[in-house]
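Accompanying notes for the structure given below.
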Amino acid sequence: MVDEWVSQFHLHFFSYPSKMIRFMCPTGLCFTPHVNIKKSMDLFGECQAAHALGIPIDLDKRTSKLHVTATALIRLSPIAYFYRKSSKDKRSEILTDLSKRMFGQFSSLKIVEIYIEMLVDAFRGQSKEFILQSIDREEIRSRNDYLSQIFVQLIDVLRHDENRIQCGIDRIVRIIEKKNSFVEEEQCRYLNPFDGDSTILLSLYLQLASAIYNCLPKEISSERIYGYSMIKSLIKWIFYQSETNLH
Amino acid sequence: MEFDHDGLIELNVRPDQMSIVDPPINLDESNEEFSRLFNSILSLSLTETFVDHSNLDEYLIEHIQMERIYSEQNDLKLIWSDEICLVFCFLASLAHQGDYHPDHLIQRYFQWWMNG
């Protein structure tokens, strides 16, 4: 009976990811990804291919036209979820490696590192005050690229959200709406209208504040969230894998 | 990268219709750490629900309708932004591999890009 259970488990375990492969974005079929994402994917793919073939790549040349947006913070955040129990060095190592492959030379890497450590602290149950205090303000103030600006805004909202997640959300939505009323660029007509860039501040805040306050924004009834069971299962797997594969 | 096109053309399984297989561990919201991780990701996926999209252009709605009809998939929904999808790709790769494997990750990203 033990053998049966073990083989069933292995069957599910190995077929599960192949099912997951085919879903990712519900309208990925419908809309074309933003050009920054495309470029980043291209770079990543090239790095992997070159790596497999043993060819060195000149990253500077490749990435001179790559514009790193603040969405890098979100894209790299899974490192915090999975490696929250590992050492900080381990996280840094992976972060540096992956960001190099996807973004080439990345000057704001330090900010991403800080953000990931904040998430990890939040998962450990540290208080907001502790997390805010541990940020090196000098380091951040000296930068003025877009990613750092978003980060500074994020910290500001977090600090003044009266410990209520809804308060922070309201404030950010007002900021976004004000910003959107000024933007009139011509965009490709077939981009996903849910633009990660314009809502980045909100995404970051939601991700971080939910972890710190350990709650969801109140208005939403949890079972009705899209993909609720799938996400729950995914997080369980993340939890399980990270516990059993400690480095 | 070579793709097995026959495999890709199969009916895609949407996130809200996937059959769930849990790992061999007992976990629910009472585990505080799990709860934090879970709430964090759930909230992230809700980003777009807070932003006012009532002024979506007509052509976008039509575009989605057409896509639904032509690919015969009536359950296409517009819920997540691209970056959030990439987050899920990364998480899925980590969950599958038990570790960071850039090769596996790039495959996931490509499959998202090609396939939704």
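Extension gain, B:D99 to B:S30, is 22.2 nm, computed as 0.36 nm per intervening residue step minus the present C-alpha separation. Within 10 Å of the Cβ of each residue in A:208-214, the mean number of Cβ atoms contributed by other protein chains is 6. Per the accessible-area calculation with a 1.4 Å probe, the total area buried between chain A and chain B rounds to 9000 Å².
Once the Cβ-Cβ distance of B:F110 and A:S221 is raised to the sixth power relative to R0 = 41 Å, the FRET efficiency obtained is 0.70. Treating r as the C-beta distance of A:D145 and A:D42 and R0 as 22 Å, the FRET efficiency rounds to 0.50. The residues of the stretch A:104-179 expose on average 51 square angstrom of accessible surface per residue, using a 1.4 Å probe on protein heavy atoms.
Counting only other chain Cβ atoms within 10 Å of each residue's Cβ, the peptide B:104-112 averages 6.
Take the Cα of A:K90, step 7 Å toward its Cβ, do the same at A:R174, and the gap between the two points is 4.3 nm. Mean per-residue shielding of peptide A:97-103 is 2, counting Cβ atoms of other chains within 10 Å of each Cβ. For the residue pairs A:K179/A:K236; A:K128/A:K178; A:K128/A:K179; A:K39/A:K90; A:K90/A:K128, the C-alpha atoms sit more than 30 angstrom apart in A:K179/A:K236.
The values are calculated or read from the model by the stated rules, or taken from the named source; none is laboratory data. Bear in mind that the values here come from a model prediction, so they are computed numbers and not experimental data. Reconstructed Cβ throughout: ideal geometry from the backbone, glycine too, with neighbour counts over all protein chains shown. Please note that ligands, DNA and RNA were not included when accessible areas were found on the heavy atoms of the full protein model with its side chains. Shrake-Rupley method; radii C 1.70, N 1.55, O 1.52, S 1.80 Å.
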